[in-house]
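K.L.:
Please see the structure below; I have some questions.
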């Protein structure tokens, strides 16, 4: 992707093509992201939304995020959540506590439990199979969707359980896994990942895990954590990789961008602005 700034005419032409149902290539996406007037960009994004959702219906899920463990050996520089194995403050929630949290969610009309945690060396696949089966048994008369385990967690469970990734996901699905969150994507460029999460899976491994999940019929979401050390070039590459895989599998159900929260992290830095958030969502 080049560094030459586009003309106003070329930006208008790109956004006009989007309005007609066309797509942006990487260079155009970068130019629009960096240089388009925010109101013009917002209007173009709203046009796409209205074209795809002409009924103007907005839906949502009532759910609860349950972090089953905060024990994690990966030490991501952007994370204020983890505790390394053996350190003070580390926990694994007992089954009874997890079921209680889900019951509280169901009592207020919730239907989706998001189960995520750290990469805990003591939790192999049998622990998750037991947990998933218990959730499905305990709420057999309710609609409870298990939206669980990011690619980083699934990949690690496979490794420490000495299984292939397809075997791992197939067993988890049989135990009750309904769908997977897109956590751990951060930014899908290895330049950024080497800097902020050098011990985590690579961008290719994240994409491959999602491809395997989709091939097994497990739908997933996709995420992007922006505002750490990433540039717009990194964000555009991330978006293109997500779009390419969606073209291939149609397995993503949602895309969730969220901004880096520096408080209490090794990485530190500042928060992304509201304008940056609006521009990122619009792109």
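Nothing in this text is a laboratory measurement; each read-out follows from the coordinates by a stated rule. Here the structure is a predicted model, which means the values were calculated and not measured. Quick reminder, even Gly has a Cβ in these numbers, built from the backbone with ideal geometry, and neighbours come from all protein chains shown.
K.L.:
With all pairs of different alpha carbon atoms counted, what Kirkwood hydrodynamic radius in Å does region 1-59 show?
P.N.:
12.1 Å
K.L.:
On C-alpha positions alone, give me the angle between the axis of helix 38-52 and the longest principal axis of the chain, in degrees, nearest 10.
P.N.:
Rounded to the nearest ten degrees, it is 60.
K.L.:
Packing-wise, with mean Cβ within 10 Å as the measure, how do 44-57, 198-211, 176-189 rank, highest first?
P.N.:
Order by mean packing, descending: 176-189, 198-211, 44-57.
K.L.:
Same structure again: What FRET efficiency would be calculated for the residue pair residue 26, residue 100, taking the C-beta separation as r and a Förster radius of 30 Å, to the nearest 0.05?
P.N.:
0.05
K.L.:
For the chain, max minus min Cα coordinate along each principal axis, in Å, sorted largest first?
P.N.:
For the chain, the Cα spread along each principal axis is 60, 43, 34 Å.
K.L.:
Something else: What's the FRET efficiency of residue 60 with residue 195 using the Cβ-Cβ distance as r and R₀ = 45 Å, to the nearest 0.05?
P.N.:
Computed FRET efficiency for residue 60 and residue 195 comes out at 0.85.
K.L.:
Quick one: order 168, 111 by neighbouring beta-carbon count within 10 Å, fewest to most.
P.N.:
111, 168
K.L.:
Take residue 249 and residue 270, extend 7 Å from each Cα along the Cα→Cβ direction, and tell me the distance between the two endpoints in nm.
P.N.:
Modelled inter-label distance: 3.7 nm.
K.L.:
Starting from the eigenvalues of the Cα gyration tensor, five times each then square-rooted, give me the equivalent ellipsoid semi-axes of region 153-276, largest first, whole Å.
P.N.:
Equivalent ellipsoid of region 153-276: 27, 17, 13 Å, largest first.
K.L.:
While we're on this one: Could you order the peptides 262-272, 226-236 from most to least packed, using the average number of other C-beta atoms within 10 Å per residue?
P.N.:
Order by mean packing, descending: 226-236, 262-272.
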